[in-house]
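Asks: To start, I am sharing the structure in question, which I have written as structure tokens.
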Amino acid sequence: MERILTRWLDIPNLRDIDVYLAHDGYAAARKAFFDMKPEEIIEEVKNSNLRGRGGAAFPTGMKWSFIPKNSPNPVYVCCNADESEPGTFANRYQLENDPHGIIEGILITCRAVGAHVCYVYMRGEFAIQKQIFDAALAQARAKGIIGPDAMGSGFGVEIYTHRGAGAYICGEETGLLESLEGKRAYPRNRPPFPAIQGAFGCPTVVNNVETLSNVPWIIARGAAWYKSIGPEKSPGIKLFCLSGHVNKPGLYELPMGIPLKDLIYDIGGGILNGRKLKGVIPGGSSFPVFTAEEAVKVNMDFESVRAAGSLMGTAGVMVMNEDTCMVGALRTIAHFYHHESCGQCTPCREGTGWIEKMLIELEAGRGNMADLDRLISVASNMEGNTICVLADSLSMPVKSFVPKYKDEFIEHVRQKRCPFRSHDGASMRAAS
Ligand SMILES: Cc1cc2nc3c(=O)[nH]c(=O)nc-3n(C[C@H](O)[C@H](O)[C@H](O)COP(=O)(O)O)c2cc1C
Ligand code: SF4
């Protein structure tokens with residue numbers, strides 16, 4: 001397959017503006033600025049069926065169309081580069097290797113929705129990525145590609161980077177906006193949605209880095225080309241983050257709809273050390289786990305993963321082999337969400353903590369059979385009862401791990417210890 005989003009693997013130093021320009025860089029932005037009306041850009045992106053890559057898979061063109069026309073207030077674009085979902089590392093590579101591809105996507109988005117300012121919100125840990133991206137912005141500014149008269153079009157676009165301080169909740173779009181405004185990143189109640197009242201109370205589009213990286217390609221080659229890749233309802237190219245117990249973990253650019261089996265066994269080189277597959281979380285840690293039997297049957301696109309009972313989220317595919325203690329794996333996930341809960345909503349603040357505590361006890365062999373039902377009950381009470389979906393991001397894994405690996409949970413209660421550890425607590429695998 002032709003490398004598109006990862007063409008930086010074939011083109012040395014694509015992050016430099018001269019190299020980028022020599023490879024058709026900013027041609028799509030010129031087309032959008034000089035040959036297309038804003039509504040035509042939105043229509044093209046709508047027709048491409050591009051769906052957001054930040055986790056919620058919302059149709060991008062439709063999101064742009066919610067921005068009021070002739071707004072009396074300024075319109076903003078926010079590029080979400082917070083990338084904190086466990087198992088997810090695609091944005092990082094794009095920021096490091098193809099910053100101009102992102103800037104070009106931002107320019108086109110600004111033109112489409114009538115925004116003159118974009119904020120790129122980066123996770124706190126992205127120190128190097130910010131340096132690289134800022135250097136690319138300076139190059140684009142020096143060449144007049146961004147600035148008060150972008151590309152000589154008379155339409156001004158300025159782009160600013162803003163670094164967070166390392167909290168997962170800053171990736172949730174309204175938490176991001178609060179943080180951008182200098183406040184604690186407490187997610188907002190909706191409505192109003194950001195398209196109506198976003199940054200500084202003004203209409204705002206929030207899009208993920210990878211979503212924006214796709215935009216120049218759709219404008220350059222057309223919606224029909226984009227839609228011809230992968231399944232019709234969730235088409236296009238996707239950056240898959242493959243991690244865990246595979247021989248060749250890494251970032252892979254593939255068409256949507258690739259069988260998960262191919263991703264793990266062909267592209268990923270199979271399970272590490274010749275062990276057997278036990279489970280896969282397909283979309284970052286926030287979503288239901290697939291058993292090995294389920295995983296080998298599913299195709300990796302938004303519709304197919306949903307139909308199979310999980311969600312594709314960020315396509316952070318985490319593979320677990322037969323030596324994994326699923327109680328321990330779930331406890332690790334629970335620790336993350338408990339730690340990252342912003343604490344505004346009682347079901348999330350308390351529920352994530354209760355779940356983590358129950359799992360610590362269960363893993364250590366101090367749990368009882370009633371804990372299994374209690375886990376499901378607490379998880380169910382968290383779902384749909386909170387301001388944002390961080391609570392659901394723990395509820396979904398709990399409600400899949402417990403029933404799908406029930407025998408393992410029961411063994412922890414029966415043996416009064418973790419069956420994956422020897423009596424002195426060491427990992428069985430490490431001991432063998
Ligand atoms: C707790 C939480 C964390 C999130 N973190 C991110 C993130 O790091 N990056 C991101 O793009 N979207 C993240 N999202 C999704 C955003 O709220 C939003 O849907 C996304 O940025 C929209 O962009 P898209 O339409 O291009 O996908 C998160 C959502 C939640 C609930
Ligand atoms: S669900 Fe959790 S993270 Fe989201 S607003 Fe409520 S307490 Fe905060």
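We did not get these values from a lab; they are worked out from the coordinates using the rules stated. These figures come from a predicted structure and were not determined experimentally. Glycine also receives a Cβ, built like all others from the backbone with ideal geometry; neighbour counts cover every protein chain displayed.
Asks: Gap in Å between the Cα centre of region 312-385 and the Cα centre of region 123-189?
Replies: 33
Asks: On a C-alpha basis, how far is the centre of region 40-91 from the centre of region 223-283 in Å? Whole number, if you could?
Replies: Cα centroid of region 40-91 versus Cα centroid of region 223-283: 23 Å apart.
Asks: Sticking with this one: Using the structure shown, select from Lys46/Lys183; Lys276/Lys406; Lys278/Lys406 the pairs with a Cα to Cα distance greater than 24 angstrom.
Replies: Pairs exceeding the cut-off: Lys46/Lys183.
Asks: Using the Karplus curve 6.51 cos²θ - 1.76 cosθ + 1.60 with θ = phi - 60°, work out ³J(HN,Hα) for each residue of region 18-30 in order, rounded to whole Hz, and write x for Gly and Pro.
Replies: Rounded to whole hertz, the list is 5, 5, 4, 5, 5, 10, 6, x, 6, 5, 5, 5, 4.
Asks: Points 7 angstrom from Cα along the Cβ direction at His335 and Glu303: gap in nanometres?
Replies: Calculated label separation equals 4.0 nm.
Asks: Select from Ser380, Ser234, Ser395 the residue whose mean-square fluctuation is largest in a Gaussian network model of the chain (Cα-Cα springs shorter than 10 Å).
Replies: Among Ser380, Ser234, Ser395, the largest mean-square fluctuation in the Gaussian network model of the chain belongs to Ser380.
Asks: In nm, to one decimal, how far is the Asp134 label point from the Ala224 one, both placed 7 Å along Cα→Cβ?
Replies: For Asp134 paired with Ala224, the spin-label model returns 4.6 nm.
Asks: I've got another one for you. Using each residue's phi in region 226-235, evaluate 6.51 cos²θ - 1.76 cosθ + 1.60 at θ = phi - 60° and report the 3J(HN,Hα) Karplus result to the nearest Hz, with x for Gly and Pro.
Replies: Coupling constants for region 226-235: 4, 6, 6, 9, x, x, 4, 7, 9, x Hz.
Asks: Based only on Cα atoms, what Rg/Rh ratio does region 326-431 have, Rh being taken as Kirkwood's radius?
Replies: 1.00
Asks: Follow-up question, since we're still on this one. Pull out the extension gain between Ala22 and Thr291, defined as 0.36 nm times the separation in residues minus the alpha carbon to alpha carbon distance; nm, one decimal.
Replies: Full-extension gain reported as 92.2 nm.
Asks: Suppose only helical runs count, i.e. DSSP H with n ≥ 4. What mean residue ellipticity at 222 nm does that imply for the chain under -39500 (n - 2.57) per run, divided by all residues and rounded to the nearest 500 deg cm²/dmol?
Replies: -12000 deg cm²/dmol
Asks: How far, in nm, would the chain grow between Asn189 and Ala165 when pulled straight, counting 0.36 nm per residue and subtracting the alpha carbon separation?
Replies: 6.4 nm
Asks: What FRET efficiency comes out for Asn47 versus Ser377 if R0 is 51 angstrom and r is the Cβ-Cβ distance? Round to the nearest 0.05.
Replies: 0.70
Asks: Now for a separate question. What FRET efficiency comes out for Lys69 versus Asp149 if R0 is 30 angstrom and r is the Cβ-Cβ distance? Round to the nearest 0.05.
Replies: Rounded to the nearest 0.05, the efficiency is 0.85.
Asks: Need one number: nm distance between label points at Glu361 and Glu2, each 7 Å from Cα along Cα→Cβ, rounded to one decimal.
Replies: Going by the 7 Å Cα→Cβ label model, 5.9 nm.
Asks: Computed from the mean reciprocal separation of all distinct C-alpha pairs, what Kirkwood hydrodynamic radius does the chain have, in Å?
Replies: Kirkwood radius, the chain: 22.5 Å.
Asks: So, R0 is 35 Å and r is the distance between the beta-carbons of Lys261 and Ile11; what FRET efficiency does that work out to, to 0.05?
Replies: 0.65
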